[in-house]
Structure formats: structure tokens, C-alpha cells
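Read the figures in this text as sums done on the coordinates, not as results from a lab. Only a predicted model underlies this, so the values are computations on that prediction, with no experimental measurement involved. A quick note on method: Cβ atoms are made from the backbone with ideal geometry, for glycine too, and the neighbour counts reach across all protein chains shown.
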Amino acid sequence: MNLQNLRKLAQLKAVLIDMEQDFGLSNLTEQEIRILSAMTETLGPDVSLVSSKTIRNSLYCKSLSSPTYHRALKALLSKQILKPAQGRKTGLYALCLD
């Protein structure tokens, strides 16, 4: 680890924080943002639903403890940023975009 690398990392984090504010994500926790990142990485033109297992096993979320992951998922559902797939209560989720 050296000072130049730490400066580069700090610059990247500053850009990321600025973008999160621009996109209206600054009111979300780090864990909620991780779940959204995992979900949006998986979504594509033919994929509109993502399983909880896929999100949980992603690079973004696999280091989260189970209770932390579930609290963040529940918060995203209560904020109506995510919603369960039609006819389901858990396990499969859609992103609610404006």
C-alpha cells in the first residue's frame, strides 16, 4: 500500500459519492446501495426479475451478514425501490424505476 494508490482510491470514492448524490441515492445505506448494485448488474434486456439468492451471492453482498442483508432488503422493499415478483412475497424481486 502506498500514498499514491490511497489518493487514487480516495478520488474514486469522491466521484462515487458525488454520483450517488446526483442519482438520489444519498439517502440509502451502504448496504442498500450494495443490493441495488448487485441487482442492476444482473438486470438486462431479457431479465427483469432477480432472485434473492443471486443478489446475496454477488460480489457486492456476499460479505454482508445475513441479518444486515435482510434488513437492507426489507428497507428497499418498504421504500418501494424493490418489489416482489407478481404473486410472490419473497425470493424474486423487480426494481421499481421512476
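For the chain, excluding the exposed loop sites themselves (trypsin sites (Lys or Arg not before Pro), DSSP loop, at most 11 other Cβ atoms within 10 Å), the longest remaining stretch covers 1-87. In the chain, helical runs assigned H by DSSP with n ≥ 4 each contribute -39500 (n - 2.57); averaged across all residues and rounded to the nearest 500, the mean residue ellipticity at 222 nm is -16500 deg cm²/dmol.
Straight-line cross-link reach from K79 at under 17 Å between alpha-carbon atoms covers these lysines, not counting any fewer than eight positions away in the same chain: K89.
Taking the chain on its own, what percent of its Cα-Cα pair distances exceed 16 Å? Percent of Cα pairs beyond 16 Å in the chain: 60. Once C-alpha pairs closer than 8 Å and six or more residues apart are averaged by separation and normalised to the residue number of the stretch 27-95, the relative contact order reads 37 percent.
Ordered by the number of other Cβ atoms lying within 10 Å of each residue's own Cβ, fewest first, M1, M39, M19 fall into the sequence M1, M19, M39.
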